[in-house]
1. Taking the conditions exactly as written (in a helix (DSSP H, G or I), surrounded by fewer than 10 Cβ atoms within 10 Å (Cβ to Cβ) and either at pLDDT 95 or above or of a type in the set (Ser, Thr, Tyr) (or both)), does Ser54 satisfy them or not?
2. Take Ser68 and decide whether it is at pLDDT below 90 and either over 30 Å from Ala85 (Cα atoms) or in a helix (DSSP H, G or I) (or both).
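The values are calculated or read from the model by the stated rules, or taken from the named source; none is laboratory data. Since the model is a prediction, treat every value here as computed from it, not as a measurement. Neighbour counts are summed over all protein chains in view; Cβ atoms, including those assigned to glycine, are modelled from backbone coordinates with ideal geometry.
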Amino acid sequence: MLRRPPTVIQLTTEDVLEYDDSRSRARAEAASAAAAAAAAEAAEAVAASSTSASVAETVAASSLLSSSTGNGTGVDQNDGISEDARRQQERKHRIGLK
């Protein structure tokens with residue numbers, strides 16, 4: 001078989017510095033994108049808070065209706081388990097633990 005000489009890779013200090021600079025730029029861009037997303041989410045939350053008062057009133061009214069129709073213990077009369085236990089069972093089922 002024919003042999004060829006091994007491939008020689010030469011890295012200079014400038015190459016390493018250029019790579020480090022590109023990595024730091026990528027991290028900075030990712031951080032600024034995350035900050036922009038967080039700022040947009042905060043602005044959305046502020047906008048939603050103006051309507052959340054009416055939503056909170058609706059939720060409170062519906063929870064008041066549901067508690068007045070039940071026995072007041074948070075236990076569904078049909079199943080005999082609490083809502084929290086039902087949520088935990090559903091979560092376990094979704095992730096395949098049950």
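1. Considered against the rule, which asks whether it is in a helix (DSSP H, G or I), surrounded by fewer than 10 Cβ atoms within 10 Å (Cβ to Cβ) and either at pLDDT 95 or above or of a type in the set (Ser, Thr, Tyr) (or both), Ser54 comes out as yes.
2. For Ser68, the condition - at pLDDT below 90 and either over 30 Å from Ala85 (Cα atoms) or in a helix (DSSP H, G or I) (or both) - is met.
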